[in-house]
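Have a look at the structure below, then the notes.
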Amino acid sequence: MRHLPGDVTESGRRKAERTTPVHGDDHLIPTRRHRRDIQGLRGLAVALVVVFHLYPTVFSGGFVGVDVFFVISGYLITAHLWHEVERTGTIRLRDFWARRIRRLLPVAYLVLAVTLLVVLFVVPRTQWFESFRQIAASALYLENWHLAHSAVDYMAQDSSATVAQHYWSLSVEEQFYIVWPVMLVVALLLVRRMSRTSRLSSAKVVTGVLLLVVICSLWHSVAFTAVSMQQAYFFSTTRAWEFAVGGLIAMLHQRRLQGWIGWWIDRRIAGLVVSGLGVLAILASAILMNSTTEFPGWRALVPVVGAAVILAAPDLHGKSAPLRLLSSAPLVKLGDISYSVYLWHWPIIIVVPLVTGREISVVTALVAVALTVLLAVASTRWVEDRLRFGTALRGTRRPIVFAALAAVVVASSALIAANSHSVPPPRVSLEELARGGQDECVGPDALRPDNTCAAMGDGPYISEPSAVAAQNDQPKYPGCQQDSDREGIVSCELGVGEDPRRTIALFGDSHATAWFSGFDVAGQRLGWRMRTFTRSSCPPSTALRVLSEEQTATEQRLCQQWVEAVLDEIAGDTAIDSVMLTSFASRYAWASATPTTANGQLSTAATETVAIQGYQSVMERIRAMGKEVYVLAPIPRTVNVRVPDCLELYGRDANRCGLERDRALIEDPMRMAARAAGSSVKLIDLTDHFCDAERCYPVVGDLIVYRDSSHLTAEYAAALMPWVARVVDGDG
């Protein structure tokens, strides 16, 4: 592709980029100066996102602001590109990408560089590894795929978010900026080759390509969201249709659209109705949707169509009330700095509680907003505008070189920081912990009523908080737990490989997975072979577990199928003589496995009886196979924060990082089912190794108990094995 013949002056570039119409001929789509409502729409979108991140209960669906941004980007970029096609007959890819780099990347890399330093000086070391990895992914504009691979639920309120997590949407946008102009170039080349035999115009072909993207991507979004919303939320392919909708509006010449509407209704009334419905759709989405909404999927049509009809509103001069609102000075000024506001607001929201030691209050929220606006204004004026309209990144070569160098420097710095952070090994090995017999003040023995040890210990940690937190990011047995959105079963073998004294099946959800290290090292010493059958968020019960964060019955159905498949596998393996069941039973609500509603949907009318019977059914079927049944009682609940983070921030604070016994111990259906079974099921209840008469602890005898907000550390699981072995081998 040819480049522009020369560079323009700073004032000329400023004038060209801000006032030149972005459509062709006399059917003009005015840019920022003429369509103040677009800037106001940007301001509204970023306001929804910021409020959602500060107070999710105010605008529980404020995340739709991102979808509005996608539509605006598709609209403006397509209009710019099509204007170039009409003016020059082609698209200068390097020139287009250079403009995008000047506009977007300087501030983006500035924020990433600042957040990298913030992580080093403010963020707990327990979060360093994942924070640095996400900064690196963001620097390469791959953050959305990183989060999709990690299956992070962006809307989960109890997740430990990183300072760079919001870059997922910027990654999607940058991928659009790379792919979309290339698609247009290919389409134009096809038109030229077909021009001798077809009357298809470039405009029709481009519009057809956009329509095809809308149809295919929307179908993919609906289908994939129904299977795995957590991943679908971040995929570029499930979001492409939102950009394409904006592009379709850009390709519909405004005057033609207005003329068509004019046949049916007065133009002023049309402007009022159309723009009013658009604003209403966006606001309704922000108010009525929430983290339980199946999204993006077809529900994303509401905010997307809302943004699209505002862009297509017949009243270009903002005479209708909704467009006057969007064209108001506060929203327009916010729209002018919306990009920088989006970049700065999230790391500030993450850092404020770390600095203050408290959750965000009204006062700290106002401080966070004020700081965000100040940084946004400063970075827009002194970084974005200076580099965008100045001479430092003039031409096409300099911006591309800058982008490559910035990406390499920031990403490599983050990766070096992630990999150079050494995780100290535990002072006592897992094998030693599993054998027991250490100092009586180390590990579970510290809670024995006949000694005088400090419950949480007063020496150095056996394994540091950063080391146990790393168990979340670097699992020791990868691939041994089935994902909640996958069919089939996976199984691994732990303990001894040959001539086992006994073979035990470990059957349960991710809380069963947390016991792997303990059973592995204990099994090697005791002659046990362990076959694992674990699945994320799927307890060993024939009742249907219900999770509030799940939007469809897909994972529920897959869990039910998995339980049946595991029972069949256990029945077919004659070497298995015992089955160990465990789960986070108090986390779930429960429903009957038989649909009770008229339309065949799964009932969510959970009862204690249904829950208990679900576990009893599994226990009885295993007993009928002639195998012993053991139940590892659920471990005590926590304060629902990542315990290693809490310890890193506040030390061994039992009030902040632990719970009173009566709050930590919740009567659960699995324990009740085991008790009801009597002697036919052996219940292993280790509560007294987590709690004393008053409190359950995050650290016991210098051993950290939890690697996150609910799962056992490998060290504590190993330290509990002597008590498990006494029951299994008949000594306790």
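Residues are listed down the side, and each one gets a yes or a no for (1) within 29 Å of VAL302 (Cβ to Cβ); (2) in contact (Cβ under 8 Å) with a residue 60 or more places away in the chain; (3) in the same structural domain as ILE310 (by TED's automatic domain parsing):
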position: VAL185; (1), (2), (3): no, yes, yes
position: LEU188; (1), (2), (3): no, yes, yes
position: ARG192; (1), (2), (3): no, no, yes
position: HIS220; (1), (2), (3): yes, no, yes
position: TYR233; (1), (2), (3): yes, yes, yes
position: SER236; (1), (2), (3): yes, yes, yes
position: ALA240; (1), (2), (3): yes, yes, yes
position: PHE243; (1), (2), (3): yes, yes, yes
position: MET251; (1), (2), (3): yes, yes, yes
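Please identify the pairs in which a residue from region 21-50 that is farther than 17 Å from ARG324 by Cα and modelled with pLDDT of 80 or more has its Cβ atom under 6 Å from the Cβ atom of a residue that is of a type in the set (Gly, Ala, Ser) and not in a loop (DSSP other than H, G, I, E, B), counting only partners at least 6 apart or on another chain.
Pairs found: VAL46/SER338; LEU48/GLY65; LEU48/ALA286; VAL49/GLY65.
Filter region 290-303 for residues that are in a loop (DSSP other than H, G, I, E, B) and either under 14 Å from VAL66 (Cα atoms) or polar (S, T, N, Q) (or both) and give the result.
ASN290, SER291, THR292, THR293, PHE295, PRO296
Filter region 51-61 down to residues that are modelled with pLDDT of 95 or more and among the β-branched types (Val, Ile, Thr), then give me how many there are.
Result for region 51-61: 1.
Look through region 480-509, keep the residues that are assigned to a loop (DSSP other than H, G, I, E, B) and small (Gly, Ala, Ser), and return whichever of them is nearest to the chain's Cα centre (by Cα).
If we take residues in region 480-509 being assigned to a loop (DSSP other than H, G, I, E, B) and small (Gly, Ala, Ser), then SER484 is nearest to the chain's Cα centre (by Cα).
Return the total of residues in region 510-529 being within 31 Å of the chain's Cα centre (by Cα) and among the acidic types (Asp, Glu).
Adding up the residues that qualify gives 0.
Determine which member of the set ASP450, ASP473, ASP483 is free of Cβ contacts under 8 Å to residues at least 40 places away in the same chain and out of contact with any strand residue (DSSP E or B) (no Cβ under 6 Å at 6 or more places or on another chain).
ASP450
Take the residues in region 80-114 that are in a helix (DSSP H, G or I) and of a type in the set (Val, Ile, Thr), then tell me which one is nearest to ILE249 (Cα to Cα).
VAL85
Output yes when any residue across region 517-526 is more than 20 Å from ALA719 (Cα to Cα), of a type in the set (A, V, I, L, M) and touching a residue at least 60 places away in the same chain (Cβ under 8 Å), and no when none is.
Among the residues of region 517-526, not one is more than 20 Å from ALA719 (Cα to Cα), of a type in the set (A, V, I, L, M) and touching a residue at least 60 places away in the same chain (Cβ under 8 Å), which makes the answer no.
Taking the conditions exactly as written (farther than 22 Å from VAL401 by Cβ and touching a residue at least 60 places away in the same chain (Cβ under 8 Å)), does ILE135 satisfy them or not?
no
Which residues, counting only those in region 472-516, are aromatic (Phe, Trp, Tyr) and in contact with a Phe, Trp or Tyr (Cβ under 8 Å, 6 or more places away or on another chain)?
Listed by number, the residues that qualify are TYR477, PHE507, PHE516.
So, in region 499-540, of the ones that are under 16 Å from GLN482 (Cβ atoms) and hydroxyl-bearing (Ser, Thr, Tyr), which residue ends up surrounded by the most Cβ atoms within 10 Å (Cβ to Cβ)?
Within region 499-540, the match that is surrounded by the most Cβ atoms within 10 Å (Cβ to Cβ) is THR534.
Only one of (1) modelled with pLDDT of 95 or more; (2) more than 24 Å from ALA307 (Cβ to Cβ); (3) touching a Lys or Arg at 6+ places or on another chain (Cβ under 8 Å) fails for SER379. Which number is that?
Evaluating SER379 over (1) modelled with pLDDT of 95 or more; (2) more than 24 Å from ALA307 (Cβ to Cβ); (3) touching a Lys or Arg at 6+ places or on another chain (Cβ under 8 Å) leaves (3) as the failure.
The values are calculated or read from the model by the stated rules, or taken from the named source; none is laboratory data. Source: prediction; values computed, not measured. Every residue, glycine among them, receives a Cβ derived from its backbone with ideal geometry; neighbour counts consider all protein chains shown.
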